[in-house]
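The values are calculated or read from the model by the stated rules, or taken from the named source; none is laboratory data. All of these numbers come straight from a predicted model, not from anything done at the bench. Glycine also receives a Cβ, built like all others from the backbone with ideal geometry; neighbour counts cover every protein chain displayed.
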């Protein structure tokens, strides 16, 4: 991504990615295979009708990342690259239950959309435990957390605190 920045006045010191599918997602591969190439345009048209963006979906395949994105987007010298991954074991009612099972079978531990292996880039800072892909962007389901806390459980992840910790780490690194 940074290698594509063209303005001469842009000085980037680091890039930190969180559960980013640097090597694509086997779930995207399975979905494209299942839907079939002739049905993809129809599916896109339907999703766009309902206001969903579809452009990035094909860019999540392992083939696209391996053959297109990564070769065209090399790391730049002098920039610190950090990454984090996440794992979750979705409950029965989770929207990530099926995608997690597919990725678990094909790639191993994952957050419901991105495997830990695909999320590794540069200096790998660690794997967040019991955190879904949506938890990381703070799209937590308020009703779910309310019910979870009613049963005496505590939230195990605070996205805002996590991002502040990353900013603190970068500041300590002089970045």
For residue 102, only one of the following conditions fails: (1) surrounded by 12 or more Cβ atoms within 10 Å (Cβ to Cβ); (2) at pLDDT 95 or above; (3) within 26 Å of residue 167 (Cα to Cα). What is its number? (3)
Touching a helix residue (DSSP H, G or I) at 6+ places or on another chain (Cβ under 6 Å), more than 30 Å from residue 173 (Cα to Cα) and modelled with pLDDT under 90: which single residue out of 37, 90 fits that description? 90
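Every residue, every condition in (1) modelled with pLDDT of 95 or more; (2) more than 30 Å from residue 13 (Cβ to Cβ), yes or no:
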site: 73; (1), (2): no, no
site: 82; (1), (2): yes, no
site: 97; (1), (2): no, yes
site: 114; (1), (2): yes, no
site: 133; (1), (2): no, no
site: 142; (1), (2): no, yes
site: 147; (1), (2): no, yes
Test: residue in segment 1-11 that is over 16 Å from the mean Cα position of the chain (by Cα), farther than 28 Å from residue 81 by Cβ and modelled with pLDDT under 80: no
What's the number of the condition residue 122 fails, among (1) at negative phi; (2) touching a strand residue (DSSP E or B) at 6+ places or on another chain (Cβ under 7 Å); (3) surrounded by 16 or more Cβ atoms within 10 Å (Cβ to Cβ)? (1)
Any residue at all in segment 68-75 that's more than 27 Å from residue 117 (Cα to Cα) and in contact with a helix residue (DSSP H, G or I) (Cβ under 7 Å, 6 or more places away or on another chain)? no
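Here is a yes/no grid of residues against (1) touching a strand residue (DSSP E or B) at 6+ places or on another chain (Cβ under 8 Å); (2) loosely packed, with under 14 Cβ neighbours inside 10 Å; (3) within 20 Å of residue 96 (Cα to Cα):
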residue	(1), (2), (3)
7	no, yes, no
13	yes, yes, no
16	yes, no, no
26	yes, no, yes
36	no, yes, no
41	no, yes, no
44	no, no, no
49	no, yes, no
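Condition check ((1) within 13 Å of the chain's Cα centre (by Cα); (2) closer than 21 Å to residue 167 by Cβ) across all residues:
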{"position": "69", "(1), (2)": "no, no"}
{"position": "72", "(1), (2)": "no, no"}
{"position": "79", "(1), (2)": "no, yes"}
{"position": "85", "(1), (2)": "yes, yes"}
{"position": "91", "(1), (2)": "no, no"}
{"position": "98", "(1), (2)": "no, no"}
{"position": "112", "(1), (2)": "yes, no"}
{"position": "116", "(1), (2)": "yes, no"}
{"position": "129", "(1), (2)": "no, no"}
Those residues of segment 24-71 that are in contact (Cβ under 8 Å) with a residue 60 or more places away in the chain and within 22 Å of residue 124 (Cα to Cα) come to a total of 3
As an exercise: evaluate residue 30 against (1) at pLDDT below 90; (2) outside any loop (DSSP other than H, G, I, E, B); (3) in contact with a helix residue (DSSP H, G or I) (Cβ under 8 Å, 6 or more places away or on another chain) and give the number of the one condition it does not meet. (1)
